[in-house]
1. Could you say whether any residue in region A:166-183 is part of a helix (DSSP H, G or I), within 19 Å of the chain's Cα centre (by Cα) and within 14 Å of another protein chain (Cβ to nearest Cβ)?
2. Please find, among A:Val175, A:Val186, the residue that is buried (at least 24 other Cβ atoms within 10 Å of the Cβ), out of contact with any strand residue (DSSP E or B) (no Cβ under 8 Å at 6 or more places or on another chain), over 30 Å from B:Lys39 (Cβ atoms) and among the aliphatic types (A, V, I, L, M).
3. Residue by residue through region B:26-51, note down the ones that are farther than 26 Å from B:Gly82 by Cα and either among the small types (Gly, Ala, Ser) or at the interface with chain A (Cβ under 7 Å from one of its Cβ atoms) (or both).
4. Within region A:66-96, can you find the residues that are crowded, with 23+ Cβ neighbours inside 10 Å and either modelled with pLDDT under 85 or among the hydroxyl-bearing types (Ser, Thr, Tyr) (or both)?
5. Could you list, in sequence order, all residues of region A:112-156 that are surrounded by fewer than 16 Cβ atoms within 10 Å (Cβ to Cβ), in a helix (DSSP H, G or I) and either of a type in the set (D, E, K, R) or modelled with pLDDT of 80 or more (or both)?
6. Within region A:66-85, can one find any residue that is more than 8 Å from chain B (Cβ to nearest Cβ) and under 19 Å from B:Val47 (Cβ atoms)?
7. Search region A:206-221 for residues being part of a helix (DSSP H, G or I) and more than 7 Å from every other protein chain (Cβ to nearest Cβ), and hand back the single one that is farthest from the chain's Cα centre (by Cα).
8. If you check A:Gly76, A:Gly20, A:Gly61, which single one turns out to be part of a helix (DSSP H, G or I), closer than 24 Å to B:Val85 by Cα and within 15 Å of the chain's Cα centre (by Cα)?
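The values are calculated or read from the model by the stated rules, or taken from the named source; none is laboratory data. Here the structure is a predicted model, which means the values were calculated and not measured. Here the Cβ is made from the backbone with ideal geometry for all residues, glycine too, and neighbour counts use every protein chain on show.
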Amino acid sequence: MEPTFLLIMLLIGIAAGILGALFGIGGGLFIVPALTLIVGLTTKEAAAVSLVSIVATSIGGTVFYLDNRVANIRLGLLLEISTVIGAIIGALISSYLEDWIVTVIFIIVLVISATRMILGLKTEVQDDENGKFMFHDVKTGKDTRYDLKNVPVGFTACSAAGVISSLTGVGGGLVKIPVMNTIMGVPMKVATATSSYMIGITAFSGAIIYFLNGQVILDVAAFTAIGTFIGAMVGSRLSKKFDGSSMKKYFSILVFIVAIMMILRLEGIM
Amino acid sequence: MNAEHNTSMTLKISVYIGIAAVVIGLIVYLLDMGDAFLKAGLFIVIVSPFIGVIVTTVSLYLERDMKWVCVALILIAISVIGMFVK
């Protein structure tokens, strides 16, 4: 591959890593369109590369959340059972789907993600003194006890996150966070942290199938993974200096533009 | 040491080793000396979260948190099955 393309892939990775760390996303929303629109990969090839990079990005966030004991590791393990089943199903059916169908699914994911970011939907969880789990908010100093509600519904819903993740190369936080927060009654910060922990495992279960089946383009995946790793380190330092959540709305506009570009590419206009 | 700390340390060490191997592998690959290192590096990066789950399971076992050990073992079993699915 041309050195220019290799440099572009490294830069795509760095940008995805920074955005991932700043906005708490896996980076797939940025990597997949960049690799298809700029480098010219098919959506399926880009999804395979993206999943490898998401593993590298998610670990940075996960380590931070685990060290601060925000992520609920037990809840993550439970929900990952159905998510991994979904991810395996997604990776398997991707072999039988036309690339344009995967692209359409990805565009839908982009639009829903952008809409959620603009609306900033979240459910406030009240302290439950009989709750089995406790979360200490370092910023407010407040302890919140909570219990898990609607576990069977949340468990089933997470399988959808797995299918979407391995089909399209995104982390699946789009489904996991609202499921944990709104359906299962988990505080938003815990849901975000637990999702970060889960994203790595979900990405692993999709990526390993692509990798063992020889569907990962090695040099592209290597440059992008190195880039996201560097980007995640830079992004995590930047996130301490300013609050990324206030920039989420601007990022969502970019996601909408990317969705339009993907539609134009699908129509053969780009 | 609790499950969270052990998992965090494992993820950190595993991904650092993986990325280092990817960098070395990429140099070897670009010098037309084969892709074995590159494949090994990417494999280590990809399996890092899975190694994390194994360490979590052992830590939960040491904490005698058997309910969650069972949950983790089911997840490991499904993940292993997934690796062999073509």
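1. yes
2. That would be A:Val175, the only listed residue that is buried (at least 24 other Cβ atoms within 10 Å of the Cβ), out of contact with any strand residue (DSSP E or B) (no Cβ under 8 Å at 6 or more places or on another chain), over 30 Å from B:Lys39 (Cβ atoms) and among the aliphatic types (A, V, I, L, M).
3. Listed by number, the residues that qualify are B:Leu26, B:Tyr29, B:Gly34.
4. Of everything in region A:66-96, those that are crowded, with 23+ Cβ neighbours inside 10 Å and either modelled with pLDDT under 85 or among the hydroxyl-bearing types (Ser, Thr, Tyr) (or both) turn out to be A:Thr83, A:Ala91, A:Ser94.
5. If the condition is that a residue be surrounded by fewer than 16 Cβ atoms within 10 Å (Cβ to Cβ), in a helix (DSSP H, G or I) and either of a type in the set (D, E, K, R) or modelled with pLDDT of 80 or more (or both), then A:Ile112, A:Thr115, A:Val151, A:Pro152, A:Val153, A:Thr156 are the ones that fit.
6. yes
7. Out of the qualifying residues, it is A:Val220.
8. Exactly one of A:Gly76, A:Gly20, A:Gly61 is part of a helix (DSSP H, G or I), closer than 24 Å to B:Val85 by Cα and within 15 Å of the chain's Cα centre (by Cα), namely A:Gly76.
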